[in-house]
Every structure is written in structure tokens, then in C-alpha cells.
1. How much length, in nm to one decimal, is gained on full extension between residue 53 and residue 182, taken as 0.36 nm per residue of separation minus their Cα-Cα distance?
2. Search the structure for amide H atoms under 5 Å from the amide H of residue 126, placed 1.01 Å from N in the peptide plane, and list their residues when 5 or more places away or on another chain.
3. Sequence-distant or interchain residues sharing an amide H contact under 5 Å with residue 71, placed H: which?
Amino acid sequence: MLHSMTSEPEQQIGPVGEPDGFGRLWTPHRIAYIQGEGKPTGPGADDGCPFCAAPAKTDEDALIVARGEHVFAILNLYPYNGGHMMVLPYRHVADYTDLDDAETAELALFTKRAMTALRAASGAHGFNIGMNQGAVAGAGIAAHLHQHVVPRWGGDTNFMPVVGHTKVLPQMLADTRTALAKAWPED
């Protein structure tokens, strides 16, 4: 860490014990994601699916923002941006075409409500919304369909994710969940 505003970085002891000029932002919580912790062991709902387990927990413990009859909105544990939510059916299905009409309609409604809540709570300027269908398409948990709602702001991409492969989040997930739950639009 720099102690003064000079162009010379302070020498730090690097990971192998040798001094170097690199600053470090440690993100040890991400090792669970990297190692695949909490991922299902198989394709079934009883194979450890965290999305199937979440509704049995309290909203606070599961980071659930809102619950509907067929779907719910939950914060992503490994968000691309602060407020990154997912909308998913309670039913354990893998493919969008497996949803029935009521699930499809409520998934669309909750996506709109997620956008409204994010604008109200955080002033989001725009959104990335989408689904990755199957592991080959990038789905981290391919066995349980989930739609991402990622808020975006002008200038939210900077050197940290581009060069440092690190995302800086300005708020704890529990605090984000509380703010979004309060901003969630009523029926």
C-alpha cells in the first residue's frame, strides 16, 4: 500500500517471501467459486442444487430479494456488479423450453421488477440480462435455469476487472439484499 503520493511503490513482501512492487487486493472469498464449492454433484434437484435449497432458508440467509408463486429473485454470490440478481423458477429445470406458461410469465415479470428495484436502490444506468443454457454456454449451474439481471453504470468497467481480474463491490451482499428487497415493487 502506498503511504504517500509518490511515483515509487512501497516494497511489499510477495507471496513467495521476496519483496516486490505489486499491491495486492486479496479476495479469499472467491476461492469457493474457483474450486466449485456449492455446485451440484449431478443434474437432479436432490444432487445438491443450491437454487433448490435456497427457498427453504430465510430470505436473509439465502439472499433472496423477492418470492413469487413460481419464481424467486436472489442475489448472485459471485456478482459481476453490485446488485447482480438472478431470477429462477422454484422447479428444478435446466432449459428455458422446460418452463410452463405461468413460470415463463412470472420470470418475465420478476425480471422487470428486478430492473425497477435496481434503478430505485442503486440508480442503475442499464442492464445485461440473459441466460446461459448449458455448461458449454457458460452456465455455472447448468442443471437449474436462472436468468441474470446485471446492473450497469457508466464507467463501471475499469482497470480492476480488465487488468487485475478483480471486481470491487461497494457494499456487502446482505446490505444489498436489504436495499433491493425494500425497493422491490409491489404486485
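1. Full extension of this stretch gives 44.1 nm more.
2. Counting only residues 5 or more places away or on other chains, the set is 152.
3. When sequence neighbours closer than 5 places are left aside, the close amide H contacts are 90.
FYI, it's all coordinate maths here, none of it is from the lab. Nothing here was measured: the structure is a model prediction, and the numbers come from that model.
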